Amino acid sequence: MNNEKIIIANWKMKLSLAETLALAENIKTKFQGFSGATVGVCPNYISILEVKEILKGTDIKLGAQDVFWEGAGAYTGEISADMLVEAGCEYVIIGHSERRKFLMVNYEMIHRETKAVLNNGNLVPIVCIGENWDERKTDRRDFVLFDQLQQALSGLDLVGNQQVVIAYEPIWAIGSGTAIEPSEAEYAHKIIKLTLNDMFGMKIVNNNFKIIYGGSISSKNVKGFVGLENLDGMLVGGASLEADEFYKVAKALVK
Ligand code: PEP
């Protein structure tokens, strides 16, 4: 796997279709000539096809915010990995904490979704993990991260160079306006790396996995995260809703 950093925008359900397309246009313009990192955007489902058209001819990757584990059938409201690939997606966020909180998504479901994406083979799963404030306060973070990784990934086979991105997103930092201390992120990423090494072996982890941080990253605090060990990029929510701000975050990471 190359060592390029990866920066993914998660636009959640924050923008209308028109606002999404305008932002995609602005990001396309802003990122002209940008290099040194993989940049991707995850719009809502209804915008994906039009965003794909806007981003045609650029290096900006397209992603989705969720996926269902079955390939096709009577699953009202769901979208399969094959459909996402057909629509032009290369990445998909799996098990975001907002889905865990509001839709009761659990790690058994996250496991199935990740398995479906790996079986598809043409999508990179961005698997979200992270402790809540109570778990952090009571010093259970390490176990929570270990347990979430075990539940999400145990028994899954990685074929060839299939990439997997693990997004460490402490739930208490998401959307709070305050990122965690970079040293704390570095520590959590080390726990994640060691757990993955245990599960898959160092060679596969070095070749196939990236570990990224998400939670209130902005152009103001991103510099503290530059150069951290085991930090391969960022999942960016709020700061990705404005092209200039998203560009500054991306630019800081490749310096
Ligand atoms: C997210 O929800 O994935 C996220 C990183 O959001 P924010 O940057 O707004 O905290």
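Taking Cβ atoms as reference points and 13 Å as the exclusive limit, the residues near A179 contribute a net charge of -2, counting Lys and Arg as +1 and Asp and Glu as -1.
Between I211 and I166, D232, the built amide H atoms are under 5 Å apart, and every one of these is 5 or more places off in sequence or on another chain. Each Lys and Arg adds +1 at its Cβ and each Asp and Glu adds -1 at its Cβ; summed about the Cα centre, region 91-241 shows a dipole of about 280 debye. Were the residues from Q150 through E90 laid out at 0.36 nm apart, the gain over their Cα-Cα distance would be 19.2 nm.
Annotation: amide H of I93 within the under-5 Å range of A64, Q65, D66, I126, sequence separation 5 or more or interchain, hydrogens built in the peptide plane. Of all lysines in the structure, those lying under 25 Å Cα to Cα from K223, and not within fewer than 8 positions of it along the same chain, are K5, K12, K28, K30, K61, K190, K193, K210, K248, K251, K255. A full extension of the chain between K137 and E229 corresponds to an added length of 30.7 nm, given 0.36 nm per residue minus the alpha carbon distance.
Assuming 0.36 nm per residue, please report the length gained on full extension of the stretch N206 to N26 beyond their Cα-Cα distance. Contour length minus Cα-Cα distance gives 61.4 nm. Take the Cα of A18, step 7 Å toward its Cβ, do the same at T58, and the gap between the two points is 2.1 nm. Using just its DSSP H runs of length 4 or more, each adding -39500 (n - 2.57), the chain gives a mean residue ellipticity at 222 nm of -12000 deg cm²/dmol after division by all residues. With the charge dipole of the chain set up from +1 on Lys and Arg Cβ and -1 on Asp and Glu Cβ about the Cα centre, the Cα lying farthest toward the positive end among the listed residues I110, L235, N161 is that of L235. Taking 1.306 mPa s as the viscosity and 10 °C as the temperature, the Stokes-Einstein diffusion coefficient of the chain based on its alpha-carbon Kirkwood radius rounds to 87 µm²/s. Accessible surface calculations at 1.4 Å, restricted to protein heavy atoms, place the chain at 47 Å² per residue. For the chain, the carbon plus sulfur part of the accessible surface works out to 50%, probe radius 1.4 Å.
The values are calculated or read from the model by the stated rules, or taken from the named source; none is laboratory data. For clarity, every value in this text was computed on a predicted model and none was experimentally measured. Cβ: placed from backbone, ideal geometry, glycine included. Neighbour counts: every protein chain shown. Side chains are part of the model used for accessible areas, which takes the heavy atoms of the whole protein and leaves out ligands, DNA and RNA. Shrake-Rupley method; radii C 1.70, N 1.55, O 1.52, S 1.80 Å.
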